[in-house]
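Single-structure report; data block below.
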Amino acid sequence: MKVLVAVKRVIDYNVKIRVKADNSDVDLTNVKMAMNPFCEIAVEEAVRLKEKGVASEVVVVTIGPKAAQEQLRTALALGADRALHIETDERVEALTVAKLLKRVVDDEQPGLTILGKQAIDSDNNQTGQMLAALTGLAQGTFASKVDVKDGTVDVTREIDGGLQTVSLKLPAIVTTDLRLNEPRYAKLPDIMKAKKKPLDVKTPAELGVELVAKLTQLKVETPAERQGGIKVASVDELIDKLKNDAKVIS
Amino acid sequence: MSILVLADHHDGQLAGATAHVVAAAQQIADADGGDIDLLVAGENVGAIAEQAAKLDGVSRVRVADNGVYAHQLAEPLADLLAALADDYSHILASASTTGKNVLPRLAALKDVSPLSDILSVESADTFKRPIYAGNAIATVQSAETLKVLSVRATAFDAVGESNSAPIDTVDTVVDNRLSSFVGEELAQSERPELGGARVVISGGRGMGSGDNFKLLDGIADKLGAAIGASRAAVDAGFVPNDMQVGQTGKIVAPELYIAVGISGAIQHLAGMKDSKVIVAINKDEEAPIFQVADYGLVGDLFQILPELEQKL
Ligand SMILES: Cc1cc2nc3c(=O)[nH]c(=O)nc-3n(C[C@H](O)[C@H](O)[C@H](O)COP(=O)(O)OP(=O)(O)OC[C@H]3O[C@@H](n4cnc5c(N)ncnc54)[C@H](O)[C@@H]3O)c2cc1C
């Protein structure tokens, strides 16, 4: 079974973001970029499936500017076999990303496609579900366990009340939650080897997908900053403040 | 055109978030006109529909009661919504794990771009939503004729419950050959729901063990609080995943949030910084949590918690 993994280049999760002075967007100039943490988990899961003999090949795909090839190389160093870069400098809406990925699924016919549940820049949590709809496949979102069986996959999902396990007909789409696995670090020899692994480049036009935008970002603002408060010296003072100043306990 | 709200429910109860989502729908209706329909889909959901009919602002409750909708799996629910969608200008659901699972699938079936986690309704087509873990707020305008929106419940005040809207039946039954329910492990708790609690007390890695979370119980009892956790506490196995507060966990905005042994990473702050009053208890006076805390108490939680419980 082939496993397809979609990854996204985003701001490193440790970076504190700045909003541009003209409020048009977040300022990403000279900011450290990295693979979206949920996508790393997706790559790790695919590589583990290959190590277990469940997956025969791991293909990784990204949509983005030229620089996003860095994230593809990272995925190759972590154990993916080959990569596909769909190159564009434009902002691509999640629905269009899903349409591009559908073309890749049509071409590659993976048994399982794994994506991160959300990207930590747009925080949309949409693409996997939309890809599942467009391909007519089942979806196992927010996965904390993936168990491939014969013709089906059991996915344990992190839901608001706890955990839910569903059985999905294969092929299927899975999106990862944080506790699915702990991604490994790429070792230097693997990073060297990754440079020689195949990496194909295509354009959205070659895949027959038009980049339409239905959502316009009118403005980006910094949320109201919380005023730092005070330090209290004792439990008694804390209780007094909560009762008499903040009036949130009685 | 009308607005459709997908009701959130579990364990035979209407989820509290639904009344907040109806409030968001009400704001759209105020700007754009249109009635608000509330869809209750599931198996044996008659009692939930009765609860839903009480919500103010709802014109009609529509009930799709069939085994195929049991456990609210995404595939049949999205198909059902897609079958109903042509009568509506907006389809809303709470940004709960159910809403986030179903709405994007519906949107792609209808070939429209959805918007996740809206915080405010600026007009019938323009909404604010958090990006970058809530460190920026984007104002986004949608050119779609059908707007599919998940709503951050804590950002809207719940509507009242003095209505008695008519209830009718949706006969659409879809076929689901893609997915089936295997089982679930739901946390049982006598405490209020995290998302709706007036007081939340959360423990982090500093709690040291799952057993030590008992130190929060007595305080939670006295304050009627829900208990939450940081990701580090969940990952370490101290407590189950449904207690996680943050960018990728639950979003809470209680009157009082007490963070105990939590450092205050941006991903944690994303889930609680809209709380009215924040208290931090941490032994490291440099911990970033103190930058957002109204009241900070520097010290060892193992001494502070028993004293706090006793003095409350
Ligand atoms: C993509 C992504 C998503 C994430 N999503 C979330 C999320 O949703 N929610 C979330 O919480 N995190 C999330 N995280 C993780 C986040 O970055 C932090 O790692 C996590 O919040 C740290 O948890 P903590 O504060 O409990 O642990 P630590 O950062 O280890 O802090 C422990 C604190 O306890 C204090 N302490 C220790 N012992 C005592 C004592 N005896 N008395 C008093 N204080 C004590 C220490 O001084 C320290 O400040 C996410 C990370 C990533 C990459």
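The values are calculated or read from the model by the stated rules, or taken from the named source; none is laboratory data. Just so it is clear, the model here is predicted, and its values are computed rather than measured. Please note: Cβ atoms are built from the backbone with ideal geometry, for glycine as well, and neighbour counts cover all protein chains shown.
Here are some notes:
- If the condition is being more than 12 Å from the ligand (Cβ to nearest atom), within 8 Å of chain A (Cβ to nearest Cβ) and assigned to a strand (DSSP E or B), then region B:247-264 contributes only B:Leu256.
- Matching residues, region A:184-229, being among the basic types (Lys, Arg) and more than 17 Å from A:Arg82 (Cβ to Cβ): A:Arg184, A:Lys187, A:Lys214, A:Lys219, A:Arg226
- Pairs linking a residue in region B:127-143 that is in contact (Cβ under 8 Å) with a residue 40 or more places away in the chain to a residue that is more than 13 Å from the ligand (Cβ to nearest atom) and assigned to a strand (DSSP E or B), with Cβ atoms under 7 Å and 6 or more positions apart or on different chains, are B:Pro130/B:Asp117; B:Pro130/B:Ile137.
- Of the listed requirements (1) within 20 Å of the chain's Cα centre (by Cα); (2) closer than 22 Å to B:Asp30 by Cβ; (3) more than 7 Å from chain A (Cβ to nearest Cβ), B:Ile137 misses just one: (3).
- Filtering region A:145-164 for residues that are of a type in the set (Asp, Glu), crowded, with 17+ Cβ neighbours inside 10 Å and over 21 Å from A:Lys50 (Cα atoms) leaves a non-empty set.
- Flag for B:Gln244 being in contact (Cβ under 8 Å) with a residue 60 or more places away in the chain and within 12 Å of the ligand (Cβ to nearest atom): no
Residue-by-condition table, conditions (1) in the same structural domain as B:Gly12 (by TED's automatic domain parsing); (2) surrounded by fewer than 19 Cβ atoms within 10 Å (Cβ to Cβ):
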| position | (1), (2) |
| --- | --- |
| B:Ser123 | yes, yes |
| B:Asn135 | yes, no |
| B:Thr139 | yes, yes |
| B:Glu144 | yes, no |
| B:Thr154 | yes, no |
| B:Val159 | yes, no |
| B:Val182 | no, yes |
| B:Gln188 | no, yes |
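- Top-ranked residue in region A:115-137 [being of a type in the set (A, V, I, L, M, F, W, C) and within 16 Å of the ligand (Cβ to nearest atom); ranked as farthest from B:Ile118 (Cα to Cα)]: A:Leu115
- B:Arg129 satisfies every condition listed in (1) over 16 Å from the mean Cα position of the chain (by Cα); (2) at the interface with chain A (Cβ under 10 Å from one of its Cβ atoms) except (1).
- Among (1) basic (Lys, Arg); (2) within 9 Å of another protein chain (Cβ to nearest Cβ); (3) closer than 29 Å to A:Lys145 by Cβ - the single one B:Arg205 does not satisfy: (2)
- If you go through region B:176-218 and keep only what is more than 16 Å from the ligand (Cβ to nearest atom), touching a residue at least 60 places away in the same chain (Cβ under 8 Å) and more than 29 Å from B:Leu81 (Cα to Cα), you end up with just B:Gly218.
- Residues that are closer than 29 Å to A:Asn124 by Cα, in contact with a helix residue (DSSP H, G or I) (Cβ under 9 Å, 6 or more places away or on another chain), within 11 Å of the ligand (Cβ to nearest atom) and within 11 Å of another protein chain (Cβ to nearest Cβ) within region B:265-304 comprise B:Ala265, B:Ile266, B:Gln267, B:Leu269, B:Ala270, B:Pro288, B:Ile289, listed in sequence order.
- Verdict on A:Val15 being more than 14 Å from the ligand (Cβ to nearest atom) and either assigned to a strand (DSSP E or B) or not charged (D, E, K, R) (or both): no
- Flag for B:Gly208 being surrounded by fewer than 23 Cβ atoms within 10 Å (Cβ to Cβ) and under 26 Å from A:Ile239 (Cα atoms): yes
- A single member of B:Asp168, B:Asp221 is more than 18 Å from B:His10 (Cβ to Cβ), away from the ligand (no atom under 15 Å from the Cβ) and either in contact (Cβ under 8 Å) with a residue 40 or more places away in the chain or not assigned by TED's automatic domain parsing to the domain that holds B:Gly261 (or both), and it is B:Asp168.
- Within the option set B:Val58, B:Val102, B:Val148, B:Val112, being within 11 Å of chain A (Cβ to nearest Cβ), buried (at least 24 other Cβ atoms within 10 Å of the Cβ) and not in a strand (DSSP E or B) holds for one residue only, B:Val102.
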